[in-house]
Structures are given as structure tokens and as C-alpha cells.
Amino acid sequence: MTNAKAPSERSLIEQFLDDNVLFLGPDPQIMADHSVSTPTAVELAAVDAWQDRSDEVHLIRNRLQTACNESFDMVEQMGAAPGAKWGDLIAGIFSSQGDLALSSAGGVLIFSVLAQHPVKFALKYWKDEPTVGINDGDIFMHNDARYGNIHNTDQSLTLPVFHNGEIVCFVGSIVHEGENGACEPGGMPGGAESPYDEGLKMPPLKVGENFEFRKDLLTFLQNSVREPKLQMEGMKSKLHACLRIKKRAEEVIRDYGIEAFMATIRGTLTDTEAEVRRRLQTWPNGKVLTNVFADSTLRENVLIKIRCEVSKQNDELIIDLRGSSPEFLNRANNTVLASMKGMLAQLFLMFIWPDLPRNQAVFAPITVLTDPGSALNCSPEAPNAQSMMTFFPAFTAVQNAVPKLLFAAGFRSTDIVACWYNMITTFVYGGFNQHQEFVGNVCADLNGMGGAARATRDGEHSVAPIFASMADIGEQELIEEEVPMMKLVPHKVMVDNCGFGKQRGGHGYQQIVTHKDTDAWGYMVNSIGAKFPSTYGIFGGYAPGCYPLCKVKDVNVFDVMKDSRDLMRFTIEDIMNEQPFPDATYSAHHAGLQFELAEQGELYMITQGGGGGYGDVLERDPADIAKDWADGIVSKKTIETIYFVVMDYNTGALNKEATEAARAAERKARLARAKPYKEFAAEWTKDKPPANVPYYGSWDDPTVLYLGTPDKTCPADAIEPVMMPDPKDVEIAALKAELKALKA
Amino acid sequence: MSGKKAMSAENGKMDLSGVTIEDGKVAITEYLSIDLDKETWHCRRCDQNLGSARGPYKEALVVYEREPSEIHDPVIDPEKYAFTYAPDPDWCRIIEYYCPQCATQVEVEYLPPGHPLTLNDLVLDIDSLKARHAGGEA
Ligand SMILES: [Zn+2]
């Protein structure tokens, strides 16, 4: 059989296919393109007419920006989802073609590059579709990440805004709603083995007309999730926030005219892109290469390479992630390319140019290259509910690379920053709460990621997530009103929990959790980095360490402590090393826990990670060490064997001369133990990945990907998807083999 | 939008106010600078010449492989538990790069055992860097 067909025959087939579309999947063109749409003639005329009136345009932009912020606040105040309450959302205004031009200053800025796709889909497929259409008063929603989103737990809602019968813009809001009816509660199923385990999957969908939800569709959506009340409440709060931005946009049109409004929306996109290009122009031209390793699919430990080459040429930046790991067809840690682009855009919006408007034009001069079918650009049949487990490491790879170009840039609007802690370390929960309601969601204290060190100061403790510049961790007392979890140790900063350096990373906190007053309650944890650190330092600074999940099972601490409260310890270290509860089972695991029912009074313990360090530890100001010692966040061992500072631990007084001598001796020791590069490299470098580590991705050559063993490879441009066995089957097989050996 | 622009529209000159020039060398990272006349990398702490700026500076450094638990204490007893706060040495090693003269720790890499070192972690276009600084705007 041959693929070659006569031109007339081919066009006949194409015509037939065009006329008989059986299924509309995500549009590849919309999903691949993150550039700003070509301006319409009307927009160009508007920009042209207003080009000398920048003061008025600035005023209009600020009014619209305030409207976005106002709507953000509305969702935050009204929303019932933990994600909404603690700022995991944005609200914004899109151009008539669906480009996000302005969004709320706070919240999850990833969305600012991701919100456009469902709007563009609706414009392309629904506007002229007689059975759907886009009319004044219509309400559109979506959640399927394959149509543009971070993950399916986020739900978007958009409204078209009309003027004289024409669409002049869209307004929208996206919120991390949580529960979405997946195979595990809470909306982020690490156990999903296919997209069909991921719960609700709305493509862009008209859910209401005349500014009201259709009751039948609302009922369908509520029936699709474990928290039907939350589903309705989330939809209503997003709708009313969008109606507010719509009202504000209409007020601007009334006060300044439609031309001024169009000139502002389009001009904001054009000006933002032009300014990004001007800023990039001041960076030195060159290439930076970095390698990052994710150590888990959340179900099993594997080494997942993220290879990242960042090239800057004049006013363009190319992020080349080819050579990274293949996709895992039955694991949830793959990302849709657009989702990862959103995450990479966050880096520029939050850490590099936080002074620019929050819109998608910031990312327009940046090109992202990936291998199709890799974990960073997965196929539609690969689950992506935990895309964060590969796109956070990809973010870290770029965050690790950029300082090497930004340090010598002519223009900067931030300090040089090392790598932020990059994992959502918290508990996802599910079960019947103390009010006998079934609930499933995530604790917002994942937002307390340790900040990275900067060139001029230490990182801040548990300050903000990498995906939102402003977000809260929630009040423990409020959380306890809704769920039966008790955080015996809620947010305790841990000693040495940061990347060491001239400037150290900010620390993360440890949490010790249990529950009571329910017979059906369970936990999930979604973090990697228990064998290989998930984030890094820069310019000689160290990474933070690794983070296990610890459990104390077969105990009810409420019972055993009833008459002996002294049994309780207030750090994971003391509980795990002293094992104070008699007859309990103590264990440590990687921090990818699929939903697991627990008994009342059992302890689940996790540690929020710290930020990466900046610069050589021997350059850390001894006075900063004395302060860290006084604050109880650095150990004697670290002071003496890493920082080489000599001090009086009782008074905090520094011994300057002894410190200088200790540091001079360590410098000598460094030179004595190190080898010249070429000699070291010759001894160190191996041809292939180690046989005792399941390794995925390229080794030295980015065009060849390893598939878990040193002997199995595939070309990077023809990736074989990876299928992983069930970890329980692996364990059963090992136990059977052990049994057989014992019987023999 | 920020009032501060990276390039002034009036004269078309690039804003180089963020660049540090010391002893005639352009600071490239916390510990590296480039002498544009001689086209050489230098240590910013001791001025040690680290080779051609058109090649990898790392080849001029000295290197040490660090057992990760020396930096990242296990915290919980490794005899009792399979996972601790220290990286697994079968999976992860720390590679430290020092200046051969003053021993400043210029770079650190976390790599699986035997993984090729990231030699070309920073390759700059020296001609365009020279052109950037030829106008003397800095
Ligand atoms: Zn030096």
C-alpha cells in the first residue's frame, strides 16, 4: 500500500474528512502557539489613533488592572475551594481574539499564558457552529488540561463582552478548585494510570446563557465530582467575578469609547512584547546548559532527566528541553507542552520581570523546544494530573540556567536568585469529615515553599510557592473547622533545612498530622525529591537536601498520650529516632503517597523544602551564622564542617581569627583533595547510566534516550512511551521470589 | 508598565547599567569575569586566568566528588530507615568545582554517578559581547 495519491483524490478525501468531523480534540495549532495573535484592522486603527495619548491609555490600563485585582479579591473572598481562599487563581481580560492582555497582579501567574487556549478554541469551533455559537450572556467553562490549563483540577470560566453586536473582549477567571471526581479525591490523582482516571474532563463548554447556568449542565458537573456543593459555589463565584470585570470594561468603553479600549488591550500586548525584547537585548548572547533530575513518578522512584539548554540570541530566548525523559504512559507525571510553557512563563513574570504587566506577551519572544512524546510534551493518551512532577523540575532547570545570562545583563528588574523550592509539599485529604460530609481537597500550606537565596540576601522561610507571587497558607483553626485533621506540629521551621551558601536558602517547615472524629479518612502526598534533591543552588551554593514522608502507624496517639503527654515529640527527627510510642510502627518513604486510608491517631509527617543556596559557603558572613544559630536554624555540625565558623555557642560571640584560620585551612584542604578537571572527568565519566538505577532520558547524547536500563534506548525523535508495572505487583514478585528461595 | 526602559528610544543605546566592570573585566557570574581584550576567563576573587573565554572555564578548575550526606545530614537514622533527609549516593553525587588558586567554590553540580559533567554550562558569544561593550556605554 502506498501513501501517494493523485492530487484530486487527496483533496476529495480531505473534503470528506472536513465535512465529517467525528470528534474535536484539542486543536494542535492553538495548543502549540503561544505567540500573540496578529492584530485585527480595527485594533491596529485603534492603536494608531491613540498612540500619542499614552497618559490616557495608561489610566485606562490601570482601571482595567484594578478591575482584574478586584475580581481576584472577589473569588478569593467568595470561593469555597481551599485553592480559591488562598489565592490559587487569576482573573483577567482577553483580547477579542483570545489573547490574555491583563490579569490580576497576585495569584497563579502560570495561568496568564494558559488561559488563552480555551477561548481560542471557542472562537475557532463554537462561534460559527449553529448548535453552539457565542452570544452575549453566554458562559463558557473548561478544565481539561489538554485544551490549555495547568491540570484538570483547575476550572476556567469566561464570558464574551459585546459592543454594538461585536465581541470586543473576553473576561475570565481560573481557579484551582480541587476535587474533580478522579480516581483519588482532591483533583490531583498521582495514581492516575490513564486520562480516564483523572475525573471530570470538560473541553471548552457552554454551560450557561443569559448570564445563568443551565441547570441540567450544572447538575451534570455536580454529579461528576465528590464535592457537589463546592462545584456549584466555585462556578457562581467565578461567574460573579467575571461579571464584575465585564462591568468595569463596559464602564471604560462608556467613558473613553471603544477605540480607546481596543487600543489599550492590544497596545498592552504589543508594548509588553516589545519591552521584553528590549530587555533580552541587554543580556549577553550565549548558551547555558543545565541538567536536572526528577527522582520519582510519585508511584516509584526512577531517575527522570530534564536536559535544558537556554540560548539567548539578540532579542530572543530559546529554551531547548530536547533529550529529556520519555513520557510515562501509565503514570500521571507527564505534562502537556502548553502547561509547561505556562510554568516557564511564571519564572519570567515572578522572578525576572515582575514589573511587567501579567499577560501572555511576556512569553512571546521565548521559544520552547521539546521532543514530542517526551514527559515534557506528552501525547493525549498519557495522564497529566501530576504534570507538576515534571514541569516543576523543568522550571528549576531554567531557573538554574538563567542567572548565568542575567548576571551580566545590562538591564535587570530583580536581584539574581537561586532555585526556589519546587514541590507542593502538603497533604491532600479525602473522606468523611466531622460534619459527616464527604470532602476531598488539598491543604493550602503547600504554598509555604522556602525561598531561594539571592545575590544580596538570604532566602526567606516558607515564603511563597513558585507558581504564585502572592498566596497564603491558610489558618490552621479555620481548616480544623472543616476537616478532622489536626496538625500536632503545623509549621515548625526545621534546623539546616535549606541550601547552604554565601547566602542561604529560606527554610521550609515540618508538619506532623493526625485526625480524629471520623472512621473514614485518608491522605495523599505529591512530592518528589526523596533520593535526589529536586532543586539546586547557584554559583557554588548547595541544594537543599532530600525529603522523606514519615509515618507512625499502629498507634492512636490520642489514646497513648491520654495519661502520658510527655510521649509527644515535636520534631520528625525526635519521633523517628526516639520512637517514643510503644508498639507503634515507624517507617520512612518517598513522598509520593497515593490515597491511603489511615486510622485515627496515626501520624503522617512531611517536610516543606528549603530554597537553594547562592555562592560559596566559605564566603558566608560569620555574623549571619551567629544570627542563624540564635534563631535555632543551623546546627553545630553545619557551622563547623560546612561553614567553618568558630563561635561561642552560649554567647553567640564569633571568633574572627579562628574562623579565618579554619576557612583558610579548608581552602587548602579543597585544593589538596580536588583534581584537575580533565583528570577528574576521565575517572568519573561513564558511557552509560548506572545499572542499579532506573534511568530515563539522554546521557551524553541528547538524541538518544535511555528507557530504564543501560541497554534499552530509543531515538529522541521516535520516542517509545514507557509503561511501568504496578508497584504492588513488583513487591509481590519480590516477595514470591523470596518465598521460593526460602522454601528451596 | 515600568517607567524604566531597557533601551532608550531616544538614542537607541543599550542600557548597560546592570553590568559590573572591574579591572577592565566584565563580571559574568558571582565568581567569573571576562577580559575582553585578552579574551580570557578570570576568577573574580583572585584574578586567576581560567583560560580562553571562547572555551569552557571549567577545564581550568579543580574538581572534587562529595559524598552527599556530608552536606545533607540524614537527620533520621539511616540504619532504621530506607529514606532519610540525605540523597541516595547510588543515585546522586555532588560535584564541587574550585578555583585552582584561591579554592573558591565556583560551581556545584548534583549528578547521578558517572553522568557526564556539564562542561559547556556557559558558552558566551565573545564577538557580540565585545561589540556590546565597544561603544563604552557601560
Ligand atoms: Zn580564584
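The values are calculated or read from the model by the stated rules, or taken from the named source; none is laboratory data. Quick caveat, the model's predicted, so the values are computed rather than measured. Positions of Cβ are backbone-derived with ideal geometry, glycine not excepted, and every protein chain shown enters the neighbour counts. Ligands, DNA and RNA are stripped out before the accessible areas are found, and what is left, the full protein with its side chains, is counted by its heavy atoms. Shrake-Rupley method; radii C 1.70, N 1.55, O 1.52, S 1.80 Å.
Beta bridges per DSSP, both residues in the protein assembly as shown: antiparallel share near 95 percent. A cut-off under 10 angstrom between Cβ atoms defines the neighbours of A:Pro195, and their net charge, with Lys, Arg +1 and Asp, Glu -1, is -3. Converting phi to 3J(HN,Hα) with the Karplus coefficients 6.51, -1.76 and 1.60 and the offset θ = phi - 60°, the stretch A:27-32 yields 7, x, 5, 4, 6, 7 Hz in sequence order, with x at every glycine or proline. Mean separation of Cα pairs under 8 Å and 6+ residues apart, divided by the residue count of chain A: what relative contact order is that in percent? Relative contact order, chain A: 13 percent.
In chain A, helices alone account for a calculated mean residue ellipticity at 222 nm of -9500 deg cm²/dmol, with every DSSP H run of four or more residues adding -39,500 (n - 2.57). Just to confirm a number: summing +1 for Lys and Arg and -1 for Asp and Glu over residues other than A:Cys68 whose beta-carbon lies under 9 angstrom from that of A:Cys68, what do you get? Charge balance near A:Cys68 sits at +1.
If you take the beta carbon distance between A:Arg254 and A:Leu742 as r and set R0 to 56 Å, what does 1/(1 + (r/R0)^6) give as a FRET efficiency, to the nearest 0.05?
Numbers: r = 83 Å, r/R0 = 1.48.
Computed FRET efficiency for A:Arg254 and A:Leu742: 0.10.
For a modelled paramagnetic label at A:Arg457, 7 Å from Cα along Cα-to-Cβ, the residues of the stretch A:412-437 in reach, with backbone nitrogen under 19 Å, are A:412-421.
Using only DSSP helix segments of four residues or longer, with each worth -39500 (n - 2.57), what per-residue ellipticity at 222 nm results for chain B after dividing by its residue count and rounding to 500?
Values: 1 runs with 9 residues, N = 138.
Computed ellipticity for chain B at 222 nm equals -2000 deg cm²/dmol.
Solvent exposure of the stretch A:637-743, expressed per residue, is 62 Å² of accessible area, with all protein chains present and a 1.4 angstrom probe.
Using a 1.4 Å probe, what is the accessible area per residue for the stretch B:21-134, in Å²? Could the numbers behind the result be given before it?
Numbers: 3840 Å² over 114 residues.
Here the residues of the stretch B:21-134 average 34 Å² of exposed surface.
The distance between label points at B:Ala82 and B:Thr20 comes to 4.7 nm (points 7 Å beyond Cα on the Cα→Cβ vector).
Using DSSP to define loop residues, name the chymotrypsin sites (Phe, Trp or Tyr not before Pro) in the stretch A:632-695 whose beta-carbon has at most 16 other beta-carbon atoms within 10 Å. Each step should come with its number before you reach the end.
On the way: sites: A:Tyr643, A:Phe644, A:Tyr649, A:Tyr677, A:Phe680, A:Trp684, A:Tyr695; in loops: A:Tyr643, A:Phe644, A:Tyr649.
Filter output for the stretch A:632-695: A:Tyr649.
Mind giving me the FRET efficiency for A:Lys553 and A:Ala734? R0 is 22 Å, r the Cβ-Cβ distance, nearest 0.05 is fine. Step by step, r from the Cβ atoms, then E = 0.55. In this structure, the amide hydrogen of A:Phe427, modeled 1.01 Å from its nitrogen in the peptide plane, lies closer than 5 angstrom to those of A:Cys443, counting only residues at least 5 positions away or on a different chain.
The residues of the stretch A:352-465 present an accessible area of 20 Å² per residue when probed at 1.4 Å with all protein chains retained. Interface B-A: total buried accessible area of about 7400 Å², 1.4 Å probe, protein heavy atoms only.
Spin-label model, B:Asn49/B:Ser128: points 7 Å from Cα along the beta carbon direction are separated by 2.8 nm. Against the criterion of solvent-accessible heavy-atom surface with a 1.4 angstrom probe, A:Lys675, B:Lys80 sort, most first, into B:Lys80, A:Lys675. Each residue, A:Thr414 and A:Ser379, gets one label point 7 Å from its Cα in the Cβ direction; the gap between the two is 3.6 nm.
Ranked by the mean number of other Cβ atoms within 10 Å of their residues, highest first, the peptides A:720-729, A:321-330 fall in the order A:321-330, A:720-729.
Under 9 Å from the Cβ of A:Leu329, count the other residues' Cβ atoms, weight Lys and Arg +1, Asp and Glu -1, and hand me the total. Mind dumping the intermediate values first?
Numbers: positive: A:Arg331; negative: A:Glu193, A:Glu327, A:Glu381.
Summing Lys/Arg as +1 and Asp/Glu as -1 gives -2.
log₁₀ I(q)/I(0) of the stretch A:418-615 at q = 0.13 Å⁻¹, via Debye over equal Cα point scatterers, no solvent, to two decimals? So the normalised log intensities work out to -0.68.
Averaged over the residues of A:398-406, the number of partner chain Cβ atoms lying within 10 Å of the residue Cβ comes to 2.
Against the longest alpha carbon principal axis of chain A, how many degrees, from 0 to 90 and to the nearest 10, is the axis of helix A:54-78 turned? So the inclination is approximately 60 degrees.
Over all residues in A:668-680, what is the mean tally of Cβ atoms on other chains that come within 10 Å of each residue's Cβ? Each step should come with its number before you reach the end.
Numbers: counts 1, 2, 9, 8, 3, 7, 10, 4, 6, 12, 2, 2, 8.
Taking all residues of A:668-680 together, the mean is 6.
This model, with +1 at the C-beta of Lys and Arg and -1 at the C-beta of Asp and Glu, gives chain A a dipole about its Cα centre of some 1800 debye.
The phi torsions of the stretch A:599-604, fed into the Karplus equation with coefficients 6.51, -1.76 and 1.60 and a -60° offset, translate into couplings of 8, 4, x, 7, 10, 10 Hz, rounded to whole numbers, with Gly and Pro shown as x. Residue separation of A:Leu243 and A:Glu9 scaled by 0.36 nm, minus their Cα-Cα distance, works out to 79.2 nm of gained length. Computed packing ranks the peptides A:297-304, A:667-674, A:69-76, A:540-547 as A:540-547, A:297-304, A:69-76, A:667-674, most packed first, by mean other Cβ atoms within 10 Å.
If I compute solvent accessible area with a 1.4 Å probe over the protein chains, what percent of it on the stretch A:418-615 is carbon and sulfur? Before the final figure, lay out each step's value.
On the way: 2940 of 6000 Å².
Answer for the stretch A:418-615 is 49 percent, counting heavy atoms of protein chains only.
Shown is the FRET efficiency for A:Asn650 and A:Asp136, computed with R0 = 60 Å from the Cβ-Cβ distance and rounded to the nearest 0.05: 0.25. For the protein assembly as shown, the direction-averaged projected area of the alpha-carbon convex hull comes to 42.0 nm².
Go through A:Lys85/A:Lys531; A:Lys553/A:Lys743; A:Lys287/A:Lys686; A:Lys404/B:Lys130; A:Lys120/A:Lys238 and tell me which ones have a Cα-Cα distance over 27 Å in this structure. Violating the 27 Å Cα-Cα cut-off are A:Lys85/A:Lys531; A:Lys553/A:Lys743. Between A:Glu300 and A:Glu596, the contour length at 0.36 nm per residue exceeds the Cα-Cα span by 105.0 nm.
Dividing the C-alpha radius of gyration of chain B by 2.2 N^0.38 Å, with N its residue count, gives 1.41.
The chymotrypsin sites (Phe, Trp or Tyr not before Pro) of the stretch A:377-456 include none that meets both conditions, a loop assignment by DSSP and at most 12 other Cβ atoms within 10 Å of the site Cβ. The stretch between B:Leu119 and B:Asp35, if pulled fully straight at 0.36 nm per residue, gains 28.2 nm over its current Cα-Cα span.
When Cβ neighbours within 10 Å are restricted to other protein chains, what is their mean count per residue of peptide A:493-506?
Numbers: counts 0, 2, 2, 5, 3, 0, 3, 3, 3, 3, 1, 0, 0, 0.
Mean shielding by partner chains, rounded to a whole number: 2.
Give, to the nearest whole percent, the P(r) tail of the stretch A:41-279 beyond 28 angstrom, counting all Cα pairs.
Numbers: 8262 of 28441 pairs.
Taking all Cα-Cα pairs of the stretch A:41-279, the fraction more than 28 Å apart is 29 percent.
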